[in-house]
Every structure is written in C-alpha cells, then in structure tokens.
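K.L.:
My questions all concern the structure below.
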Amino acid sequence: MRTDSRREGPIITLDGPAGSGKSSTAKAVAKRLGFRHLDSGALYRALTLGLLRSSVEEADWENLSEQGFTNLDINLETSENGFQVLIRGKAVDSELRTPEVTDRVSFVASLPASRQSILGLQRKAGEDGGLVADGRDMGTVVFPHAELKIYLIADLEERAMRRLREMGGDSPDDLGLAQQARALDTRDRSDSQRTISPLKKAEDAIELDTTELAFEEQVQAIADLAHQLTLL
Ligand code: DC
C-alpha cells in the first residue's frame, strides 16, 4: 500500500469487459464513498471523437505519434463528482457514445501512442486519492498501487441485455440481443488481445461476478469490500 502524504483517500479500480456495468457501478460507488469517479473509457472515446473531427484521414490514425494524439487537446476538468472530459476546452458528453465513436474506439485504444498520450492525465486525476477509476487497465497499468482492485465480470448475454436496456430498449428481441452480444464480444476480443495494456485481471484484483447481482447489490458489495479492507 502507498503512503503518499498528498492522498486524501485510497484509489479503487474497476476493470472488466464491455457492458459489465463498470462505469455506472464506479459512479455509484464513488458517490457513496464521497470519492471522485474517473471514466477512463470516456478519454479513449474523446480521442476517437477528436480524430473524427480532425483532418487526419482514418487510414492514417495508426501512424500518429504520441504528440499527434496530444495535439487533439483532450483534457479533464474537475467537476462536482468527478471529471468533465474536454476537447479543445469544450465539454463533451453524449457525443462520446455515438455509433461512429463506439465502432472505432477499440482500434484507437489499441494504439500505443494514443494510450501514452493520456496516461499522465489519468494519473493526475488520482494524485490526491479518493478516486474510483474504471476501465480496462486501471489496476494493471494506470494505478498499479491502488488499494482496492475489482475485476467485474458478467455473462455475455446478461451484459448484452444490460447494454440494450441502457440504450432505452425495455424488452429487446432475440435478434437485437444476439447482435449486441456479438458486438460486445468483438470489442472484448480486441481489448483483450491487443499487445499494449490488454484487458486482463490484475493479479491482486478481486473478481466480482455480477451476472446474478442487482445494480444496488454490486455497488454495496464493493463498498463493503472497501470497508472490510478498512480503507475508509
Ligand atoms: O468503457 P468504454 O466502453 O467506454 O470503453 C471504450 C473503449 O476504450 C473500449 O473499447 C476499451 C477502451 N478502453 C481501454 O482500452 N482502456 C481503458 N482504460 C478504458 C477503455
């Protein structure tokens, strides 16, 4: 455990595959504990949106240097409960979740230069502690000294169902469910098989299977772990 005098509280990381409920869970856990929430996926989405808005041809994205990504001017501004993502000084939210961005973000996140360009930004968000950070490499790469690391998993079909409900479909049909499951599976494969910072469980992470858990139960389970470890 780190004893950094500037820390106001521990860092809790939540990693796991797409649709495992990381972001909504991390947000709710942070609120309950009075911590900030960092959604690192939003940063990769911002890089992707920044590229789509730029004059760089999509075929050239893979050749960009770290400086090329830094020039997209992605930043984080402290907000009441966490961080607001900015592109060129302007707040971005729902624009980060369009299909254009979602279809390309995994590729952008697989590029070493893109990952390097936002590493410092993410670590800075944690420098005072009191943070719940969610993503794919929070416990393995960005915050290897985090006091509590959670690896969230859930069955593919359950994740697809949750994702569809999030998108407003109350009773998705079988075809919609199968399509969503395939899309999540494709993204997971890409995120797990890349060579840099792949999606994987940190050795010291606690695995939490949320397939059978209601949202409130998974939030409570993580808050309980934080209490058990006397982190609070
Ligand atoms: O959590 P999300 O769906 O918003 O993440 C978007 C993409 O970014 C996803 O394909 C994986 C990638 N990502 C990553 O590689 N590392 C992170 N720490 C967070 C997200």
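K.L.:
Out of every Cα-Cα pair in segment 53-102, what percent are more than 17 Å apart?
P.N.:
Details: 587 of 1225 pairs.
Result: 48 percent of Cα pairs exceed 17 Å.
K.L.:
So for Ile206, Ile74, what's the accessible-area order with a 1.4 Å probe, most first? Don't skip to the end; give the middle numbers.
P.N.:
On the way: Ile206 65, Ile74 20 Å².
Ranking Ile206, Ile74 by accessible area, largest first, yields Ile206, Ile74.
K.L.:
Per DSSP H run of at least 4 residues, take -39500 (n - 2.57); add these up for the chain, divide by its residues and hand me the 222 nm value, nearest 500 deg cm²/dmol.
P.N.:
Numbers: 8 runs with 101 residues, N = 232.
Only helices count here, giving -13500 deg cm²/dmol.
K.L.:
Going by the alpha-carbon gyration tensor, a ≥ b ≥ c the square roots of its eigenvalues, is segment 134-232 rounded (a/c under 1.5) or, if a/c is not under 1.5, prolate (a/b greater than b/c) versus oblate?
P.N.:
Note, shape of segment 134-232 comes out oblate.
K.L.:
OK, next. With +1 assigned to the C-beta of every Lys and Arg and -1 to the C-beta of every Asp and Glu, and no other charges, what is the dipole magnitude of segment 85-166 about the Cα centre in debye, to the nearest 20? Don't skip to the end; give the middle numbers.
P.N.:
Values: 13 positive and 13 negative charges, 49 e Å.
I would put it at about 240 debye.
K.L.:
Using only the C-alpha atoms of the chain, find the volume of their convex hull and express it per residue in Å³.
P.N.:
Details: hull volume 28.9 nm³, N = 232.
Value for the chain: 125 Å³ per residue.
K.L.:
Given segment 93-160, report the % of alpha carbon pairs whose separation exceeds 18 Å. Spell out each step's value before the answer.
P.N.:
Working: 1226 of 2278 pairs.
Within segment 93-160, distances greater than 18 Å cover 54 percent of Cα pairs.
K.L.:
Relative to the Cα centre, what is the charge dipole magnitude of segment 167-232, using +1 at the beta carbon of each Lys and Arg, -1 at the beta carbon of each Asp and Glu, and rounding to the nearest 20 debye?
P.N.:
Details: 6 positive and 14 negative charges, 101 e Å.
Dipole about the Cα centre, nearest 20: 480 debye.
K.L.:
Give me the accessible area per residue for the chain, probe 1.4 Å, as a whole number in Å². Don't jump to the answer; show the numbers that get you there.
P.N.:
Values: 11830 Å² over 232 residues.
I get 51 Å² per residue for this part.
K.L.:
How would you order 100-110, 85-95 from highest to lowest mean count of nearby Cβ atoms within 10 Å? Walk me through the numbers before you get to the answer.
P.N.:
Working: 100-110: 18.6, 85-95: 13.4.
The peptides rank, most packed first, as 100-110, 85-95.
K.L.:
Here's a follow-up. When 1/r is averaged over all different Cα pairs and the result inverted, which Kirkwood radius in Å belongs to segment 1-132? Walk me through the numbers on the way to the answer.
P.N.:
Values: mean 1/r = 0.0644 Å⁻¹.
Result for segment 1-132, one decimal place: 15.5 Å.
K.L.:
Under a 1.4 angstrom probe, counting protein chains only, how are Thr78, Thr210 ranked by accessible area, largest first? Show your work: numbers first, answer last.
P.N.:
Working: Thr78 90, Thr210 0 Å².
If we order Thr78, Thr210 from most to least accessible, we get Thr78, Thr210.
K.L.:
Taking only Cα atoms of segment 72-185, what ratio of Rg to Rh do you get with Rh as the Kirkwood inverse-distance radius?
P.N.:
0.99
K.L.:
How big is segment 1-76 in terms of Cα radius of gyration and Dmax, in angstroms?
P.N.:
Rg, Dmax (Cα atoms, Å): 16.5, 46.
K.L.:
Whenever you get a sec, compute what percent of the accessible area on the chain sits on carbon and sulfur atoms (1.4 Å probe). Could the numbers behind the result be given before it?
P.N.:
Working: 5550 of 11830 Å².
Answer for the chain: carbon and sulfur cover 47 percent of the accessible area.
The values are calculated or read from the model by the stated rules, or taken from the named source; none is laboratory data. Predicted model only: the values in this text are computed from it and were never measured. Every residue, glycine among them, receives a Cβ derived from its backbone with ideal geometry; neighbour counts consider all protein chains shown. Protein only, heavy atoms only, side chains kept; ligands, DNA and RNA dropped before computing areas. Shrake-Rupley method; radii C 1.70, N 1.55, O 1.52, S 1.80 Å.
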